[in-house]
1. Scan I155, I68 and give me the residue that is touching a Phe, Trp or Tyr at 6+ places or on another chain (Cβ under 8 Å) and in a loop (DSSP other than H, G, I, E, B).
2. Could you check how many residues of segment 133-177 are over 15 Å from S42 (Cβ atoms) and of a type in the set (K, R)?
3. Mind checking which pairs have a first residue in segment 136-161 that is in contact (Cβ under 8 Å) with a residue 24 or more places away in the chain and more than 24 Å from S30 (Cα to Cα) and a second that is surrounded by 16 or more Cβ atoms within 10 Å (Cβ to Cβ) and among the acidic types (D, E), Cβ under 8 Å, 6 or more apart or different chains?
4. Pull out all pairs, ordered by first then second residue, where Cβ-Cβ is under 9 Å, the residues are six or more apart or on different chains, the first lies in segment 32-58 and is free of Cβ contacts under 8 Å to residues at least 60 places away in the same chain, and the second is among the basic types (K, R).
5. Being at pLDDT 95 or above, acidic (D, E), over 15 Å from the mean Cα position of the chain (by Cα) and under 20 Å from F64 (Cα atoms) narrows it down to one residue among E139, E169, E126; which is it?
6. Find all pairs meeting these conditions: Cβ atoms under 6 angstrom apart; at least six residues apart or on different chains; first residue within segment 81-99 and over 28 Å from T115 (Cα atoms); second residue of a type outside the set (S, T, Y) and modelled with pLDDT of 95 or more.
7. Taking D40 as the residue in question, decide whether it is assigned to a loop (DSSP other than H, G, I, E, B) and surrounded by 12 or more Cβ atoms within 10 Å (Cβ to Cβ).
8. Can you pull out the residues in segment 128-162 that are aliphatic (A, V, I, L, M) and within 17 Å of S62 (Cα to Cα)?
Amino acid sequence: MKKIVLSFATLLALTAVFAFSIASSWNIKSDYSIKFSGEDASGIFKTFTGTINFDEKNLAASNFAVTIDVKSINTGNGMQNKHAIGAEWFDAAKYPSIVFNSSKIAKAGTGWQVTGTLEMRGVKKEITIPFAFVPKGNEAVFSGTFNVNRNDFGIGKPASGTAGVIKIEVYVPVTKK
C-alpha cells in the first residue's frame, strides 16, 4: 500500500513540475509588421511565421522560433525587390528564409531581451534583441527595434560605417493558443 501511495505521490509531483514548466503558447496574428531601413533601402517583409512560447514568470521554458520568407520583401520598388532577392543580396533561390531561434530570454529593465541565432544567407550569428511584451487578456503584443550589420551576413557589396547597418522594427500581435 505504501508503494502505491508513494508512486501516486511521485506521479502527482512530476505532473505538477511538468505543468508549471511549459510556457504559454501564442499564435501570431496577421497584422504583424517586420520593417527594415538603411542607407540603401527600406521596406517590409510580408511573410512571417513561427512559434512563440513566452511566459513572463517562466523564462526558462520560453522560446521563439521564427522565419521570414525572403521573397516577401517589399521595398516599394519592383526592380529593387528583384535586386534584393538576387544573388548579390539575399540570394533567395539558395537561401529562401531568414531564421531566428532563441537560446535565452531574460528580463532587462522594464522590458526583455532574447538571445539566439539569426541566420541570413547561410550565415549564423548570435544576437540579442531587446523587446517589449504588452499582455491584455488572451492577447498581447511583442515589439522591438534593433540593428543588424548586413556585412556580417554577406548581404550586398561590403559597406563601411552606417551603410552596412540595417534598422529592424518588429511589431507582432499574438493571441493565446
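1. On the way: I68 fails: in a loop (DSSP other than H, G, I, E, B).
None of the others qualify; the one that does is I155.
2. The number of residues fulfilling the criteria is 4.
3. G156/D40; A159/D40
4. S42/K35; S42/K167; G43/K35; I44/K35; F45/K35; T47/K71
5. Details: E169 fails: over 15 Å from the mean Cα position of the chain (by Cα); E126 fails: over 15 Å from the mean Cα position of the chain (by Cα).
Among E139, E169, E126, only E139 is at pLDDT 95 or above, acidic (D, E), over 15 Å from the mean Cα position of the chain (by Cα) and under 20 Å from F64 (Cα atoms).
6. As it stands, the answer is N81/I73, since those pairs meet every condition given.
7. Numbers: assigned to a loop (DSSP other than H, G, I, E, B): yes; surrounded by 12 or more Cβ atoms within 10 Å (Cβ to Cβ): yes.
Criteria met by D40.
8. The first filter runs over segment 128-162 and keeps only residues aliphatic (A, V, I, L, M), leaving 129, 132, 134, 140-141, 148, 155, 159.
Selection gives I129, A132, V134, A140, V141.
The values are calculated or read from the model by the stated rules, or taken from the named source; none is laboratory data. Being a predicted model, the structure only gives us computed values, none of them experimental. No Cβ is skipped: glycine too gets one built from the backbone with ideal geometry, and neighbour counts run over all protein chains shown.
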